[in-house]
Amino acid sequence: PNNSSGIAMILLDSDKQNYIIAIYGANLACDDAQAESLDMALVGADVLLMQLETPLEVCLHAARKARELGVTVVWDPAPALNMPTEAYRLCDVLTPNQVEAEFLTGVAVTDVSSAEVAADKLLEFGAKAVVVKLGEQGAFYAKSDIRGHVPSFDVEVQDTVAAGDAFAGAFGVGLSHGLSLEESVRYGCAAGALAVTRAGAQEAMPTRDEVEPLYRASAR
């Protein structure tokens with residue numbers, strides 16, 4: 001009650017790329033007691049999506065509970081911070097962008113080849129699968145037995161705000177509906193592509209009815 005709500009100010013540069021200034025406020029006041037109160041919400045869930053805008057220990061608690069219940073853990077390491085070995089081992093899929101992948105691995109991620117090098121390091125750290133989001137270059141995915149690249153969709157970019165959020169939500173939907181890793185990445189990229197054609201964050205989120213045709217067209 002004594003903390004302000006978490007807020008974020010999003011800035012766009014001349015290339016329509018976004019920069020975020022965040023004041024986390026009450027987000028940082030989350031603790032294990034609050035995490036435990038949500039344990040039952042994981043019962044019957046297919047996928048848990050997490051990021052790092054709440055304390056790491058809270059995320060670890062949720063990931064442990066998800067693992068116990070057989071729920072797929074998708075972890076977006078944003079904002080980037082040093083993660084313990086346990087965090088990687090709890091990840092079914094780790095989904096950094098280029099900046100976050102470089103922070104975690106020390107590999108400068110500028111293209112698909114360097115994304116593969118970074119992904120291999122993250123797999124070595126313990127993640128079961130890795131998806132490196134490459135913005136206008138699409139996304140690179142890897143796990144022990146497969147790897148590949150999904151190129152970006154050809155769309156008119158209005159702004160890039162919330163493209164990663166659109167990707168995350170659609171990627172989770174894909175996994176929950178039994179799509180493969182590659183198919184789920186394409187589904188996420190389709191949602192992200194639609195998001196960048198619109199201004200804003202929540203306002204830019206596409207619906208499933210909008211994502212499906214673009215996804216199906218990419219599968220041909």
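The values are calculated or read from the model by the stated rules, or taken from the named source; none is laboratory data. What you see is a predicted model, and the numbers here were worked out from it, not measured in a lab. FYI the Cβ positions are ideal-geometry reconstructions off the backbone, even for glycines, and counts take in every protein chain you see.
Which residue pairs have Cβ atoms under 8 Å apart, sit 6 or more places apart or on different chains, and have a first residue in region 139-165 that is among the aromatic types (Phe, Trp, Tyr) and a second that is part of a loop (DSSP other than H, G, I, E, B)?
Short answer, once both residue conditions are applied: Phe140/Leu134.
Could we say that Ser180 is surrounded by 16 or more Cβ atoms within 10 Å (Cβ to Cβ) and either polar (S, T, N, Q) or touching a Phe, Trp or Tyr at 6+ places or on another chain (Cβ under 8 Å) (or both) here?
For Ser180, the condition - surrounded by 16 or more Cβ atoms within 10 Å (Cβ to Cβ) and either polar (S, T, N, Q) or touching a Phe, Trp or Tyr at 6+ places or on another chain (Cβ under 8 Å) (or both) - is not met.
Would you please list the contacts, defined by Cβ atoms under 9 Å and residues six or more apart or on different chains, that run from a residue in region 50-65 that is under 15 Å from Asp76 (Cβ atoms) to a residue that is modelled with pLDDT under 95 and aromatic (Phe, Trp, Tyr)?
Correct list of pairs: Glu53/Tyr24; Thr54/Tyr24.
Answer yes if at least one residue in region 199-215 is touching a Phe, Trp or Tyr at 6+ places or on another chain (Cβ under 8 Å), surrounded by 16 or more Cβ atoms within 10 Å (Cβ to Cβ) and more than 25 Å from Ile20 (Cβ to Cβ), and no otherwise.
Yes, region 199-215 contains a residue that is touching a Phe, Trp or Tyr at 6+ places or on another chain (Cβ under 8 Å), surrounded by 16 or more Cβ atoms within 10 Å (Cβ to Cβ) and more than 25 Å from Ile20 (Cβ to Cβ).
In region 72-153, which helices (runs of 4 or more DSSP H) lie fully inside it and hold 2 or more residues that are surrounded by 20 or more Cβ atoms within 10 Å (Cβ to Cβ) and in contact with a strand residue (DSSP E or B) (Cβ under 6 Å, 6 or more places away or on another chain)?
The qualifying helices (runs of 4 or more DSSP H) are 112-125.
For (1) assigned by TED's automatic domain parsing to the domain that holds Trp75; (2) in contact with a Lys or Arg (Cβ under 9 Å, 6 or more places away or on another chain), each residue gets a yes or a no:
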{"position": "Lys128", "(1), (2)": "yes, yes"}
{"position": "Gly135", "(1), (2)": "yes, no"}
{"position": "Ser144", "(1), (2)": "yes, yes"}
{"position": "Phe171", "(1), (2)": "no, no"}
{"position": "Ser176", "(1), (2)": "no, no"}
{"position": "Leu179", "(1), (2)": "no, yes"}
{"position": "Glu182", "(1), (2)": "no, no"}
{"position": "Gly188", "(1), (2)": "no, yes"}
{"position": "Leu194", "(1), (2)": "no, no"}
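Applying the selection to region 179-220, what residues are assigned to a helix (DSSP H, G or I), touching a residue at least 24 places away in the same chain (Cβ under 8 Å) and basic (Lys, Arg)?
Result: Arg186, Arg208.
Would you confirm whether or not region 151-164 contains a residue that is at pLDDT below 95, under 24 Å from Leu42 (Cβ atoms) and not assigned by TED's automatic domain parsing to the domain that holds Ala45?
yes
Only one of Leu56, Leu60, Leu48 is under 12 Å from the mean Cα position of the chain (by Cα) and under 19 Å from Ala33 (Cα atoms). Can you tell me which?
Leu48
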